[in-house]
Amino acid sequence: MGFNWAKRLACRERFGRVVLADIRPPPQPLPSHCEFVECDVRQPLQFDGLKPEWLFNFAAVHREPGHAPEEYFETNISDAENACAFAEKVGCRNILFTSTIAVYGPLNKPTSERCLPCPATPYGISKFCSELIHKSWLGRGEGRRLYVCRPGVIYGPGDPGNVLRMIKAVRRGYFVFPGSRNVRKSYAYIEGLLDSFEFVMAREEKQLTYNYVERDTEPLGTLVKMVRAQVGARIPSLTAPLPVLLAIAAMAQLATGGRSPLHPIRVRKTTSSTHIIPELLSDIGFRFRYDFAASLKDWAVKSPQDFC
């Protein structure tokens, strides 16, 4: 999803020239002031004649499940090393790096930036190592700035993830609550995330590490009610015991040879609270433009096909 973030940030026209680098070409045409360069972040970065004002490092292997443990480390740590080496080589003094709330480990309580990172998965561990690599780059030169964003689960136009799957399931009448409706879920709307990027880029601190989610973390039942209102759903959403849903997910994996998006690990994730607090942004005056209901309305205007 990093490419989607980069393209949407480029469309805001903050910069006169934007180079988007990825391992595969973009699926859609780019704005006229943007160009694409193919690259593999696991290898040293080579961009002839390019000395960027800002380096945005959005690359990551992140889907869980979906990769062998070593793949998270191979890509995410190599990416951090190669991105920082490139910035060092060309004299780029500003980096914005997207990490993840997975660096905090299991989220059993409200979690702000004051909480100690304690990652428990290959993804979370590799991203925390990447944070440290970027901070090492920061300390090796004068006049450098580093902003590290730890976003929650991203949703919005161009993102095919959990929230879009929930919207489609609710609209089609097959969404089922896996146990309690009171599990709290923190999500991050992509347009709000990009607002946060522009906000911190305009500041003068040498280093900031901040969480990004929409400020009001709601129970899953409330989120589903908002989705139902947005899509005009009439079929009620039922509740089923977790063991039943786990069994269904396991059978779906067997029936599809592991290709079904319904996976036991993802089912379990829906039963775990993620109550992230974006305390630093609140403290320094960032204006959150979206709650969940407002983000759905904005999304439906910008990408109506996602609600069909």
Quick check on region 70-78. Is at least one of its residues farther than 23 Å from Val200 by Cα, assigned to a helix (DSSP H, G or I), among the hydrophobic types (A, V, I, L, M, F, W, C) and in contact (Cβ under 8 Å) with a residue 24 or more places away in the chain? yes
Just the residues that are farther than 21 Å from Thr239 by Cβ, assigned to a loop (DSSP other than H, G, I, E, B), touching a residue at least 12 places away in the same chain (Cβ under 8 Å) and of a type in the set (Val, Ile, Thr), please, taken from region 250-291. Ile277, Ile284
Consider region 60-88. How many of its residues are in contact with a strand residue (DSSP E or B) (Cβ under 8 Å, 6 or more places away or on another chain) and at pLDDT below 95? 1
Suppose the filter is buried (at least 21 other Cβ atoms within 10 Å of the Cβ), under 30 Å from Arg268 (Cα atoms) and without any contact (Cβ under 8 Å) to a residue 60 or more places away in the chain; does Ala87 pass it? no
Sort out which residues of region 134-163 are part of a loop (DSSP other than H, G, I, E, B) and either surrounded by 17 or more Cβ atoms within 10 Å (Cβ to Cβ) or in contact (Cβ under 8 Å) with a residue 40 or more places away in the chain (or both), and write them in order of number. Arg140, Gly141, Gly143, Arg144, Gly152, Gly156, Pro157, Gly158, Asp159, Gly161
Hits in region 89-122 - residues which are assigned to a helix (DSSP H, G or I), of a type outside the set (A, V, I, L, M, F, W, C) and out of contact with any Ser or Thr (no Cβ under 7 Å at 6 or more places or on another chain): Lys89, Pro122
Just to check your reading of the model, which residue among Thr100, Thr121 is hydroxyl-bearing (Ser, Thr, Tyr) and surrounded by fewer than 18 Cβ atoms within 10 Å (Cβ to Cβ)? Thr121
Arg42 passes all but one of the listed conditions (1) over 18 Å from Cys149 (Cβ atoms); (2) touching a helix residue (DSSP H, G or I) at 6+ places or on another chain (Cβ under 7 Å); (3) assigned to a helix (DSSP H, G or I); the exception is number (3)
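The values are calculated or read from the model by the stated rules, or taken from the named source; none is laboratory data. Quick caveat: nothing in here was measured; it's all calculated off a predicted structure. Counting neighbours? That spans all protein chains shown, and the Cβs are built from the backbone with ideal geometry, glycine included.
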